[in-house]
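Notes to accompany the following structure.
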Amino acid sequence: MNWLSRLGGGVITAVQHLGRAGVFLPGVIAATSMLWRRPGLLIQQLYSVGVMTVLIVVVAGLFVGMMLGFQGYYTLVDFGAESSLGLAVALFLTRELGPVLTALLFAGRAGSALTAEIGLMKATQQLEAMEMMAVDPLGRVIAPRFLAGCIAMPLLAALFSVVGLAGGYLVGVGVLNIDGGSYWASMQTGVDVYDDILGGIIKSLVFGFVVAWIAVFEGYHAESSTAGVSRATTRTVVTAALAVLGLDYAMTAIMFDEV
Amino acid sequence: MTRKAIETTVGLFLLIGVAAMIWLALKVGNWSPATTHDYEVTARFDNIGGLTVKAPVTLAGVTIGRVASIGIDADDYSARITLQIDQAHDNLPTDTSAAILTSGLLGAQYVGLDPGAEETYLEDGDRIEITQSAVVLEHLIGQILIRTAEEQDR
Amino acid sequence: MAQHIDPSTPLVDVAHLDFRYPERALYQDLSLRISRGKVTVIMGPSGCGKSTLLGLMAGRLRPLAGDVCFEGVALSDLPRKALYRLRRRMGMMFQNSALLSDLDVFENVAFPIRENTGLPEPLVRNLVLLKLHMVGLRGAARLLPAALSGGMARRVALARALALDPDLVMYDEPFTGLDPISKGVIAQLIRELNDVLGVTSVVVTQDVREGLSIADHVIVFAEGQIAEEGSAQQVAASTQPQVRQFLDAKPDGPVPFHYPAPDYQDDLLGKCQ
């Protein structure tokens, strides 16, 4: 019976956690309204959340695009359709890999940093100190970080896709000698602005929202100790990655249904 | 890092990100913001082969529009396609002909327009009368085989 | 506003307070008063909930029963906005200073001023330099908190607590972890700033010597109750066994040396589960 009670206990803890995160969210969203008066706070966070993630996104996007160039070529060449390589790479990137891989990188680079930073501020009583100085930490600390995550993520995903397309071009045209013109032209015939591009942007918006939410929640509710902060950071990366992949499946299924 | 430098890099980041999105929409998705500046004409074909919606419509090799829809004419069982053409090219003569062509031997199919000599121009809702259907490879090969056989018989 | 109030009424009035954490009960029916313009020192062994009391006084924690009144206003039924407004009249110095680590010393002291007032920049600068000068750290204005020693960080925290010219300043363990010189400096600062600025100070500490040296009024806690109360001399002369054990630093007494455990011999023989 021991494992049964442990299972039940685990489920109860998970549900409690989810409930707390749900209660936490409206307060954060309401607090973002104060950022109209303090844009400087948001800019600061856009720097540490967005700009600092650009490098890893660009490098990863380039490699993924180059990999897609090779893989797409070897699949398509059997059907004599290697001139559609651009289309294949573009669809892969804009529909799936751009939003999903960027969200995973974002969770690892920016999400973990957010959780650790907020958790440490809590552990060192900085958040309490703000409350005592009549400053709401939700507005001053949490809201700008959350909003910066929501804004930065779609931009990073678009950047990833663009760099990936360039990577595919390098391999397709530079290494495999596909015609450069047909690489770009084939995209335009097969990529739909609404189904593919807009669908990808919606995905990246949702991912940004969820990853930022998880990151600030875990930080704000971290146990006030070194071990607690490190546990919260790990939880952010694991939960965010699973949430992104699960949501990606759900959204793909919904968007697929509509076509 | 000074405040100014941070603000500048953040501005740059936002700019590049938004530019990447717009570039994806325009260049990859081939989105034209001014869709209202198009006019539509129809054309009937006996066979459209592998033509698909959104295939380019070209004039002298230059893309001036795309295929908006593909359907069947219930009266004579021919294929009826609607072409969406940029308003900038509103001076196509009424006796313009349309042909379904293939880019390369196995490439994607598109609609090629060949302007006529009439003084009046095609307008929204008009129909292109002179059309040339797609070349279906199987038919072509069949014809070649028959001809070869006939030559050998002789 | 403050002038119309009789100076003999207490600034903070804690009445019949009940509070407990999920694991353990802390207070039952606790009542105490903090008089205006005085340094009140609250002492007691660690874990007796002294810091929790400060949290209750600031309205950060809600009592289960009873109430804390700040100048006659009950904190527990105050809406959030009014509570935050009231907190501008309170300053708090935290045990580990709790300086904002991404801001330098100047900005840390400027933080409550900037966030709560719309004062122009030159005035903010003057105010901050004044507060930093009071604690002797004007020269360290551009250092980051990480570059400060423990004693300096406490002094910056003190300057920050005083930034909005509060009526009530709360000190959570101001002496813990400091060298004797820094302890002396902090003790002197608390005493002098209290007298010069006319604020009311509440000091929570377990350092007997420094605590008694600056106190106008001393409250000694034991087991969630007030064990002794009075002036420094009265408390120092107390015969209460719990107070004596605490003041004389005796290892064993009413507070046992051993955490509650089963019989040692039984434990060694494995008879206990």
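The values are calculated or read from the model by the stated rules, or taken from the named source; none is laboratory data. Bear in mind the structure is a predicted one, so any value in this text is a computation, not a measurement. Every residue, glycine as well, gets a Cβ built from its backbone with ideal geometry; the counts of neighbours run over all protein chains shown. Each accessible area value is taken on the protein alone, full model and side chains, heavy atoms only, with ligands, DNA and RNA left out. Shrake-Rupley method; radii C 1.70, N 1.55, O 1.52, S 1.80 Å.
Name the long-range amide H neighbours of C:Ala227: under 5 Å, sequence gap of 5 or more, or other chain; modelled H, no Pro or chain starts.
Those qualifying (amide H under 5 Å, at least 5 residues apart or on another chain) are C:Val220, C:Phe221, C:Ala222.
R0 = 25 Å: FRET efficiency of C:Ile226 with C:Tyr259, Cβ-based, nearest 0.05? Numbers along the way, then the final one.
Details: r = 25 Å, r/R0 = 0.98.
Efficiency at R0 = 25 Å is approximately 0.55.
With a 1.4 Å probe on protein heavy atoms only, work out how much accessible surface A and B bury together, total over both chains, in Å² to the nearest 100.
Roughly 2400 Å².
So what's the net charge close to A:Val49: Lys and Arg +1, Asp and Glu -1, counting the other residues with Cβ under 10 Å from its Cβ? Please list the in-between numbers first.
On the way: positive: A:Arg109, A:Arg145; negative: none.
With Lys, Arg at +1 and Asp, Glu at -1, the net is +2.
Write down, largest first, the equivalent ellipsoid semi-axes of region C:95-223 in whole Å, where each equals the square root of 5 times an eigenvalue of the alpha-carbon gyration tensor.
26, 17, 12
Is it possible to state the helix-based mean residue ellipticity at 222 nm for chain C, with each DSSP H run of 4+ residues giving -39500 (n - 2.57), the sum divided by total residues, to the nearest 500 deg cm²/dmol? What is it?
About -10000 deg cm²/dmol.
Using a 1.4 Å probe on the heavy atoms of the protein chains only, list every residue of region B:51-69 that has 40 Å² or more less accessible area in the complete assembly than in its chain alone.
The answer is B:Lys54.
Average projected area of the Cα convex hull of chain C, in nm²?
Mean projected area for chain C: 17.8 nm², to one decimal.
Can you tell me the orientation of helix B:137-153 relative to chain B, as the angle in degrees between its alpha-carbon axis and the longest Cα principal axis, to the nearest 10?
It works out to around 30 degrees.
Give me the distance in nm between label points sitting 7 Å out from Cα along the Cα-to-Cβ direction at A:Tyr194 and C:Ala249, one decimal.
A separation of 8.0 nm, rounded to one decimal place.
Which helices count as membrane-span-like in chain A under these terms: full DSSP H, at least 18 Å along the axis by C-alpha, Kyte-Doolittle mean of 1.0 or more?
Span-like helices, by this rule, are A:52-76, A:143-169, A:199-220.
Within region C:64-108, list the residues whose amide N lies under 16 Å from a label point set 7 Å along Cα→Cβ of C:Arg20.
C:64-66
Simple spin-label model, 7 Å along Cα-to-Cβ: C:Gln233 to A:Leu242 in nm?
Simple spin-label model gives 6.7 nm for this pair.
If you take the accessible area of A alone plus C alone and subtract the pair, what total do you get in square angstrom, rounded to 100, with a 1.4 Å probe? Before the final figure, lay out each step's value.
Working: alone 13480 and 14200 Å², together 25950 Å².
In total, this chain pair buries about 1700 Å².
Relative contact order of chain C: what whole-number percent is it, with Cα pairs under 8 angstrom and at least 6 residues apart?
Result for chain C is 23 percent.
Past the 26 Å Cα-Cα mark, which pairs from B:Lys4/B:Lys27; C:Lys38/C:Lys183; B:Lys4/C:Lys81; C:Lys38/C:Lys131?
Table pairs above 26 Å Cα-Cα are B:Lys4/B:Lys27; B:Lys4/C:Lys81.
Near C:Leu178, within a Cβ-to-Cβ distance under 13 Å, what is the net charge of the other residues, with Lys and Arg +1 and Asp and Glu -1?
Every neighbour counted, the sum reads 0.
Please work out how much length the chain gains when fully extended from A:Thr234 to A:Asp257, using 0.36 nm per residue of separation minus the C-alpha to C-alpha distance, in nm with one decimal.
Extra length available between A:Thr234 and A:Asp257 comes to 4.8 nm.
Probe of 1.4 angstrom, ligands and nucleic acids ignored: what's the accessible area per residue over chain C, in square angstrom? Spell out each step's value before the answer.
Details: 13380 Å² over 273 residues.
Ligands and nucleic acids excluded, the figure is 49 Å² per residue.
For chain C, find the longest principal axis of its Cα atoms and tell me its angle to the long axis of helix C:105-116, 0 to 90°, nearest 10.
So the helix axis and the longest Cα principal axis differ by about 80 degrees.
Mind listing the long-range amide H neighbours of C:Lys250? Cut-off is under 5 Å, sequence gap 5 or more, other chains count too, H placed in the peptide plane at 1.01 Å from N.
So C:Lys250 has HN proximity to no qualifying residue.
With +1 on each Lys and Arg Cβ and -1 on each Asp and Glu Cβ, and nothing else charged, work out how big the dipole of the protein assembly as shown is about its Cα centre, in Debye to the nearest 20.
So the magnitude is around 3660 debye.
Please report, as a whole percent, how much of the solvent-accessible surface of region A:39-167 comes from carbon and sulfur atoms (probe radius 1.4 Å).
Working: 2980 of 4150 Å².
The computed percentage sits at 72.
Placing unit charges on C-beta atoms (Lys and Arg positive, Asp and Glu negative, everything else neutral), compute the dipole magnitude of region C:205-273 about its Cα centre in debye, rounded to 20.
Values: 4 positive and 11 negative charges, 20 e Å.
The dipole magnitude comes to about 100 debye.
Pop out the carbon and sulfur fraction of the accessible area of region C:2-253 as a percent, whole number, probe 1.4 Å. List each step's numbers first, then the result.
Working: 5890 of 11070 Å².
Summing carbon and sulfur atoms, their accessible area is 53 percent of the total for region C:2-253.
Spin-label point model (7 Å from Cα, Cβ direction): what's the C:Val196 to B:Thr8 distance in nm?
4.3
Keeping all protein chains in place, calculate the accessible area per residue for region B:73-154 (probe 1.4 angstrom), answer in Å².
Details: 5600 Å² over 82 residues.
For region B:73-154, the solvent-accessible area averages 68 Å² per residue.
I need the fraction of alpha carbon pairs in region B:35-142 separated by more than 23 Å, rounded to a whole percent.
Counting every Cα pair in region B:35-142, those more than 23 Å apart make up 23 percent.
Quick query: amide H of C:Val41 versus all other amide H atoms, modeled in the peptide plane; which residues come in under 5 Å with a sequence gap of 5 or more or a different chain?
C:Val203, C:Asp216, C:His217, C:Val218, C:Ile219
Per residue, how much accessible surface does chain A expose to a 1.4 Å probe? Answer in Å², no decimals.
Ligands and nucleic acids excluded, the figure is 44 Å² per residue.
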